[in-house]
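The values are calculated or read from the model by the stated rules, or taken from the named source; none is laboratory data. Computed from a prediction, not measured in an experiment: that's the story for all the values here. Ideal geometry is used to build each Cβ from the backbone, glycine not excepted, and the neighbour counts take in all protein chains shown.
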Amino acid sequence: MHSALSFIVTISLVVVVHELGHFGMAKFFKVGVEKFSIGFGRILLRKKIGLTEFSIRLIPLGGFVMFYQNSKLKNINLFDKVSLFKRSLIVLAGPLINFIFAFFLLLFLNQGEQYNILPKITAIDSQSITAEVGFKIGDIVLSINDKKINSLNDHKKALIEFANKDLKYLIIRDNEEFIMNIDRNERLDLKRDQSSSNGLYFFPSGRNSLLISEVTDNSPAYLSNIKKGDQIISVDNNMVYSTADLLGFIKNKAGEELLIKVLRDTAQLSIPIIPRLSDPSGSGNAVIGVKLKPNLINKDDYIYYYKNNGLTIVSKSFYDVINGLEMVYKSFLNIVTGNIDWRMLSGPISIAEVSSETLSMGVVTYFSFLVFLNINVGFLNLLPIPTLDGGQLFFYAIEGILGKPLNKKKMIICQRLGVILLFLVFTLAVYNDVFNFIFYR
């Protein structure tokens with residue numbers, strides 16, 4: 001329920017921002033707006049203000065602004081009768097306002113004390129390609145394919161930028177520089193349910209990095225005498241370096257006895273435990289009934305802090321939007337070309353889960369997610385697909401070249417094909433969500 005409500009709130013907020021862009025620009029040019037809708041399908045609530053009917057509809061997966069086609073009202077312009085330049089600006093205003101909204105959120109996020117996580121390796125999967133080629137704990141990544149790496153975020157971006165390419169790492173170890181090469185055929189970071197960093201772990205992940213902050217009453221962990229403050233070491237002799245590791249080791253083990261090794265004070269304890277399904281009805285993933293938090297001991301060895309001044313905040317926020325757009329574009333291109341596994345495409349279920357998680361983690365985390373979502377929505381709406389803003393702008397570009405509008409019948413056919421294409425992509429995203437929810441949770 002929390003996920004559903006947070007999804008509706010988040011998507012509605014992004015849609016309102018987007019449609020307000022169209023609405024505001026239309027009002028600026030005195031174009032009559034007949035309807036302003038959040039959602040599709042049956043109307044749940046409606047209110048007419050001035051010439052415009054505002055409504056909330058049943059299906060919260062988008063929205064629309066509808067302009068008057070024919071009107072005898074004075075002092076308003078019809079959308080089809082204004083100049084091509086004005087129509088283009090009205091259409092462009094939707095995606096543009098998403099980027100502007102992201103920029104203002106970043107102005108807030110970039111204030112105060114900031115921090116970056118150093119790209120310093122805290123653990124390595126002994127079975128991974130990175131262990132095989134010679135990476136060591138404590139190595140600091142200086143560059144990937146000659147692209148400078150200053151933070152963990154830079155490392156993540158580089159893996160996407162160089163999707164399906166060989167990786168040449170430059171690292172520093174004991175004041176000496178080394179080059180480590182990973183063949184693209186050995187990479188797992190862009191495959192579903194595989195290591196996101198090819199077996200490398202960075203702060204706050206690492207050995208004994210998970211602290212149990214709470215044990216649920218009458219849960220498997222409670223019955224096995226696991227206690228608050230225990231540090232998780234391993235599951236069935238598999239080292240646990242992150243929350244994802246722990247979930248991966250137990251998710252399909254409902255009803256099976258596992259041996260969890262924990263560190264309690266200075267003693268290592270091996271505790272047998274039998275996970276159970278999260279849903280009493282017999283579905284879901286196996287759980288043990290604990291809440292986790294990262295162990296932040298020695299965090300000053302991995303985090304550096306800084307503050308931005310007023311001008312830097314503005315410029316950094318602007319470039320963060322540009323960099324975000326660049327990453328979305330590259331991710332999209334890599335999915336289309338097959339460099340990134342298409343099964344990593346996410347849909348509404350994933351958005352609902354992330355919305356719920358980020359809301360529970362506080363304003364800063366949720367605003368960061370809103371930045372990501374607004375940049376994605378703005379970019380996707382600019383794609384030259386009929387029914388999207390980008391498709392309409394593409395038609396206007398052709399109209400500008402030909403000097404006359406396209407044939408309406410051809411436009412209708414293109415729009416129907418666009419609807420089919422979007423429906424197929426949406427279906428694929430939902431399929432991935434459901435598949436991930438069932439098998440990879």
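Going by what's in this entry, would Asn153 be described as at pLDDT below 90, surrounded by fewer than 20 Cβ atoms within 10 Å (Cβ to Cβ), part of a helix (DSSP H, G or I) and not basic (Lys, Arg)? When the stated conditions are applied, Asn153 passes them.
Looking only at residues that are assigned to a loop (DSSP other than H, G, I, E, B) and of a type in the set (Ser, Thr, Tyr) in region 180-237, which one is nearest to Ile271 (Cα to Cα)? Only one residue tops the list, namely Ser224.
Give the residue that is surrounded by the most Cβ atoms within 10 Å (Cβ to Cβ), with candidates limited to residues of region 49-62 that are touching a helix residue (DSSP H, G or I) at 6+ places or on another chain (Cβ under 9 Å) and at pLDDT 90 or above. Checked region 49-62; the qualifying residue surrounded by the most Cβ atoms within 10 Å (Cβ to Cβ) is Thr52.
Table: residues versus (1) touching a residue at least 60 places away in the same chain (Cβ under 8 Å); (2) crowded, with 18+ Cβ neighbours inside 10 Å; (3) within 25 Å of Lys120 (Cα to Cα).
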residue	(1), (2), (3)
Ile212	yes, yes, yes
Asn225	no, no, no
Tyr241	yes, yes, yes
Asn252	no, no, no
Asp265	no, no, no
Leu269	no, no, no
Asp301	yes, no, yes
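Can you tell me which residue is farthest from Ile375 (Cα to Cα) among those in region 307-322 that are without any contact (Cβ under 8 Å) to a residue 12 or more places away in the chain and under 20 Å from the mean Cα position of the chain (by Cα)? Here the answer is Tyr319. The residue that is surrounded by the most Cβ atoms within 10 Å (Cβ to Cβ), counting only those in region 1-43 that are part of a strand (DSSP E or B) and touching a Ser or Thr at 6+ places or on another chain (Cβ under 9 Å), is Val33.
Here's the yes/no breakdown for (1) over 29 Å from Gly400 (Cβ atoms); (2) out of contact with any helix residue (DSSP H, G or I) (no Cβ under 7 Å at 6 or more places or on another chain); (3) aromatic (Phe, Trp, Tyr):
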| site | (1), (2), (3) |
| --- | --- |
| Leu89 | no, no, no |
| Ala93 | no, no, no |
| Ile97 | no, no, no |
| Ile100 | no, yes, no |
| Tyr115 | yes, yes, yes |
| Ala131 | yes, yes, no |
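Being touching a residue at least 60 places away in the same chain (Cβ under 8 Å), under 26 Å from the mean Cα position of the chain (by Cα) and buried (at least 17 other Cβ atoms within 10 Å of the Cβ), is that true of even one residue in region 162-170? Yes: region 162-170 contains one or more residues that are touching a residue at least 60 places away in the same chain (Cβ under 8 Å), under 26 Å from the mean Cα position of the chain (by Cα) and buried (at least 17 other Cβ atoms within 10 Å of the Cβ). For Arg46, the stated conditions do not hold, so it cannot be described as buried (at least 17 other Cβ atoms within 10 Å of the Cβ) and free of Cβ contacts under 8 Å to residues at least 24 places away in the same chain.
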